[in-house]
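The values are calculated or read from the model by the stated rules, or taken from the named source; none is laboratory data. Model, not experiment: these values are computed from the prediction. Glycine also receives a Cβ, built like all others from the backbone with ideal geometry; neighbour counts cover every protein chain displayed.
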Amino acid sequence: MKISNKKKTTLGFTFTVSTFTVSIFAGLLSCGVANAVKPSIKTVSDKPLSVEFIGKVEFAGDDVDLSGLADGLEDQSPSNRLGGFSAIEYTGKGNRFAVLADRGAGDGAVSFPCRMQFVDLQIKREGKTIQADWIETVLLKAIDGVQLDGSNTTAIVDRSQTRDQPWHAMDPEGIRRWGNGWLISDEYGPNIGSFNIDGQLETQWQLPTSRTRCKMSEAELLDKDSSKNQAIGCYDNKGLEGLAVTPSGSTVWASYQSSLLQDGELVGGRCRGDFTRWIAFDRDGKRTAEVAYPMASRKSGISELLALDENRMLVLERDGKTGKKAKVKRIYLADLRNASEISKVDSLPLSQSDNLKQSDPIKPVSKRLLIDLMDLENELGDAATAEKPEGLTWGPPLEDGRRTLWVCWDNDFDPSRKSYIACFAIN
């Protein structure tokens, strides 16, 4: 079935003022059965979820962090700029959250020192606002102690080395608590690494070549004759984005932002396809499974994953547009229980209709719409159609027992654009 990129009516959606109820019902975006991924632990509940908007907080684009860095970068932007919120994770203590910073201004044009920020977020229910108090900035170091930076120049050097050598460039995209430290996904390699509490990389997880950044040049990729049956791996700036750890801690899921080259086609300098891949890892960083996820649109991509239980994920999808041009800023509820295991599938069908024409079609992850951020303009303001909602995390529960869901937005370190963090309550 072809998924339209036109905005659809919210599924079972009713709300008044800041409260709305979402009915999750069958309407699966997948067909066929083949080697399904088996659930390991019973799902918490399949009952409908109710969602309430709690509040948000805004940050000016020219705010500074607590790194103490004073030098200007190559584009004269400050090295202590606060922004670029690519991921958020609750620390498990009080109201404190870790916020991961992206690679810096200019999409890799500067050697921005990679870092994470710690912030206390306090809900002020009477005014539908969040109070934010920044606590600390922690710089991220490579496995050999070298400061990680976000520049493309450093990334090119990394790609000239073997995969087992230390990497010194990082495009940080996802963060989760991991033991006494952190698990962070990097879009450059792409890579996944475990960091200690002080921001030092301790372990680099290895991905097969077919799942890392393609080694072919842009010219080679665009030459259909030279790239035929050779273009494998992820396209530039379309690496690992979403990162989730199941509640048991036994499985880590990582998602590519969009289709791998072997699963899509190059259109207008982009790799487009209906499916992207999620990879499962065990606690030792070994790949254990893969599934296919159907995108809302070929022009949208995954920004984040968040585990609801062992078998279901919240998925943050967005396009690259803002304001009136924006079409997709959504949080889906995805179910992996009947998805096909595809780690040995060399190439996925380009479209969902192509998949259904196969004698043994792949069964993708099923998905149902949970929150359409663009429907909440009265509550979120400009954040409803801002370009990059990027991170999701669960926070401490409310007094009535409901879980809090937190969302952060990336402003690309643009001093003229605000960053946002918002909170929802889910039963």
Cβ-Cβ under 8 Å pairs, at least 6 apart or on other chains, the range 325-339 side in a strand (DSSP E or B), far side among the small types (Gly, Ala, Ser): Lys329/Ala384; Lys329/Ala386; Arg330/Ala296; Tyr332/Ala296; Ala334/Ser366; Asp335/Ser366
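Do we find a residue being over 21 Å from Asp382 (Cα atoms), at pLDDT below 95, assigned to a loop (DSSP other than H, G, I, E, B) and β-branched (Val, Ile, Thr) anywhere in the range 21-36?
Step one: list which residues in the range 21-36 are over 21 Å from Asp382 (Cα atoms), which gives 21-36.
Next cut, at pLDDT below 95 only: 21-36.
Those left that are additionally assigned to a loop (DSSP other than H, G, I, E, B): 23-35.
Checking the rest, the ones that are also β-branched (Val, Ile, Thr) come to 24, 33.
Checked the range 21-36: at least one residue is over 21 Å from Asp382 (Cα atoms), at pLDDT below 95, assigned to a loop (DSSP other than H, G, I, E, B) and β-branched (Val, Ile, Thr).
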Filtered residues of the range 75-115 (kept if touching a Pro at 6+ places or on another chain (Cβ under 9 Å), small (Gly, Ala, Ser) and not in a loop (DSSP other than H, G, I, E, B)): Ser86, Ala87, Ala101
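Can you tell me which residue among Ser366, Ser359 is polar (S, T, N, Q) and either touching a residue at least 24 places away in the same chain (Cβ under 8 Å) or surrounded by 21 or more Cβ atoms within 10 Å (Cβ to Cβ) (or both)? Please lay out each step first, then the result.
Values: Ser359 fails: either touching a residue at least 24 places away in the same chain (Cβ under 8 Å) or surrounded by 21 or more Cβ atoms within 10 Å (Cβ to Cβ) (or both).
Sole residue among the options that is polar (S, T, N, Q) and either touching a residue at least 24 places away in the same chain (Cβ under 8 Å) or surrounded by 21 or more Cβ atoms within 10 Å (Cβ to Cβ) (or both): Ser366.
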Top-ranked residue of the range 81-104 - restricted to ones that are surrounded by fewer than 24 Cβ atoms within 10 Å (Cβ to Cβ) and among the small types (Gly, Ala, Ser), ranked as nearest to the chain's Cα centre (by Cα): Ala98
Close pairs (6 angstrom Cβ cut-off, 6 or more residues apart or separate chains): closer than 16 Å to Thr212 by Cα in the range 275-297, of a type in the set (Asp, Glu) and assigned to a strand (DSSP E or B) anywhere: Arg277/Glu290; Ile279/Glu290
Residues within the range 144-165 that are more than 30 Å from Trp406 (Cβ to Cβ), within 24 Å of the chain's Cα centre (by Cα) and not hydroxyl-bearing (Ser, Thr, Tyr), tallied: 5
Some residue of the range 356-369 being over 26 Å from Val245 (Cα atoms) and either touching a Leu at 6+ places or on another chain (Cβ under 7 Å) or not in a loop (DSSP other than H, G, I, E, B) (or both): yes
Subset of the range 378-427 (residues that are in contact with a Lys or Arg (Cβ under 8 Å, 6 or more places away or on another chain) and of a type in the set (Lys, Arg)): Lys388
Exclusive hit being basic (Lys, Arg), surrounded by 13 or more Cβ atoms within 10 Å (Cβ to Cβ) and touching a residue at least 12 places away in the same chain (Cβ under 8 Å), set Lys141, Lys124: Lys141
The range 242-291, residues that are at pLDDT 95 or above, crowded, with 18+ Cβ neighbours inside 10 Å, out of contact with any Lys or Arg (no Cβ under 7 Å at 6 or more places or on another chain) and not aliphatic (A, V, I, L, M): Gly242, Thr246, Thr251, Trp253, Ser255, Phe275, Thr276, Arg277, Trp278
Condition check for Lys299: surrounded by fewer than 22 Cβ atoms within 10 Å (Cβ to Cβ), among the charged types (D, E, K, R) and closer than 24 Å to Ser50 by Cα: no
